[in-house]
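Engineer: Shown below is the structure under consideration.
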Amino acid sequence: MTPPDYEYLRKLLRDHSGLDLSADKQYLIESRLLPLARKAGLPGISELVQKMKSGSASTISQVVEAMTTNETFFFRDKVPFDHFRESIMPEIIQARAGRKSIRIWCAAGSTGQEPYSLAMCLKEVSAALAGWRVEILATDLSQEVLEKSKAGIYSQFEVQRGLPIQMLVKYFKQTGELWQVNADIRAMVQHRQLNLLHDFSQLGVFDVIFCRNVLIYFDQDTKINIFNRLAKATEPDGFLVLGAAETVVGLTDVFKPYPERRGLYRPSGARAASAKPAAGAAVPKVAAMVGF
Ligand SMILES: C[S@@+](CC[C@H](N)C(=O)[O-])C[C@H]1O[C@@H](n2cnc3c(N)ncnc32)[C@H](O)[C@@H]1O
């Protein structure tokens, strides 16, 4: 790969997915894109770049998908799910007792372990949610991970990462060497492809947003832009949950940290200077919800 090829790919990835690669990540590009080039019958990355430059939209989207990091597992980092059970849900159940509905958005849900962990948490308190309408929306840039998430089928290795055995037995069905999330839990999660760089205002407003381990790959301006728009997508008394290495502190004051709960934030009511999307088109509003 020549230096101009690398610069072309860096810019393309920043523009299409927000991925902010430093100047020394050639090895990462090579390890992820060489297999893609070979699969397309091309000798190397320079030829892949030529194909993208000739306007092949499918090659561009394959390259963008290949460069995303989809690492996830059930109840990842544990603490956010403790916050969900111990702080978020008790407050929401009280605050929404009148309208009896709750909207949750996993804004980079990857292969589904995060939204299904939330669905299982909610199932565990289903007595308190009897008669409520519950929506969990899982979105991701990558269509490939969304397909896996929709199927809800995981290997033995994947269900052994983070998932308590009692939950495996209670909420999964074994088929051969694989495990599938039970249909009632799958039905609680809707899926939609969504690029966080694009406008998401039409999704409406959520009580809880999990946006974990994705902003870490973006540059500062992109993070600020997304935080500002996430604040508009969060109910004034709602919650934002970020990943362990992510924070709003020092970037924007549209969210404020929830006291003594690491990674948990609430809208501050401050107005963002600009909350226009970084790029792209609007997505249609989600309507369907599952009744408990
Ligand atoms: C490391 S995974 C995090 C999954 C999950 N939130 C967790 O914490 O376990 C990051 C996910 O973000 C997605 N992603 C990357 N760029 C994105 C973008 N611009 N818009 C939406 N999703 C994106 C990737 O496809 C990937 O599935």
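Engineer: Suppose the filter is surrounded by 15 or more Cβ atoms within 10 Å (Cβ to Cβ), away from the ligand (no atom under 12 Å from the Cβ) and under 30 Å from Asp253 (Cβ atoms); does Gly238 pass it?
Structural biologist: Against the criterion (surrounded by 15 or more Cβ atoms within 10 Å (Cβ to Cβ), away from the ligand (no atom under 12 Å from the Cβ) and under 30 Å from Asp253 (Cβ atoms)), Gly238 qualifies.
Engineer: Sort out which residues of the stretch 104-150 are outside any helix (DSSP H, G or I), among the charged types (D, E, K, R) and either within 14 Å of the ligand (Cβ to nearest atom) or buried (at least 23 other Cβ atoms within 10 Å of the Cβ) (or both), and write them in order of number.
Structural biologist: Hit for the stretch 104-150 is Asp140, nothing else.
Engineer: Quick check: anything in the stretch 277-291 small (Gly, Ala, Ser) and at pLDDT 95 or above?
Structural biologist: no
Engineer: Cβ-Cβ below 9 Å, separation at least six or inter-chain, first residue in the stretch 52-76 and of a type in the set (Gly, Ala, Ser), second surrounded by 20 or more Cβ atoms within 10 Å (Cβ to Cβ): which pairs?
Structural biologist: Every condition considered, the pairs that remain are Ala66/Leu33.
Engineer: Identify, from the list Asn195, Asn228, the residue that is among the polar types (S, T, N, Q) and touching a helix residue (DSSP H, G or I) at 6+ places or on another chain (Cβ under 8 Å).
Structural biologist: Asn195
Engineer: Test each condition in (1) surrounded by 15 or more Cβ atoms within 10 Å (Cβ to Cβ); (2) part of a helix (DSSP H, G or I) for Leu28 and report the one that comes out false.
Structural biologist: Evaluating Leu28 over (1) surrounded by 15 or more Cβ atoms within 10 Å (Cβ to Cβ); (2) part of a helix (DSSP H, G or I) leaves (1) as the failure.
Conditions tested, residue by residue: (1) at pLDDT 95 or above; (2) polar (S, T, N, Q); (3) closer than 20 Å to Asp219 by Cβ.
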position: Leu13; (1), (2), (3): yes, no, yes
position: Asp24; (1), (2), (3): no, no, yes
position: Ala40; (1), (2), (3): no, no, no
position: Ser56; (1), (2), (3): no, yes, no
position: Ser61; (1), (2), (3): no, yes, no
position: Asn70; (1), (2), (3): yes, yes, no
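Engineer: Going through the stretch 163-179 one residue at a time, which ones are surrounded by 14 or more Cβ atoms within 10 Å (Cβ to Cβ) and more than 15 Å from Ala119 (Cα to Cα)?
Structural biologist: Leu178, Trp179
Engineer: Here's another thing I want to ask about it. Got at least one residue in the stretch 194-203 being touching a strand residue (DSSP E or B) at 6+ places or on another chain (Cβ under 9 Å) and surrounded by fewer than 20 Cβ atoms within 10 Å (Cβ to Cβ)?
Structural biologist: no
Engineer: Filter the stretch 49-76 for residues that are among the acidic types (Asp, Glu), part of a loop (DSSP other than H, G, I, E, B) and surrounded by 16 or more Cβ atoms within 10 Å (Cβ to Cβ) and give the result.
Structural biologist: Listed by number, the list is empty, since nothing qualifies.
The values are calculated or read from the model by the stated rules, or taken from the named source; none is laboratory data. None of the values given here were measured: they were computed from a predicted structure. Glycine gets a Cβ as well: all are built from the backbone with ideal geometry, and neighbour counts include every protein chain shown.
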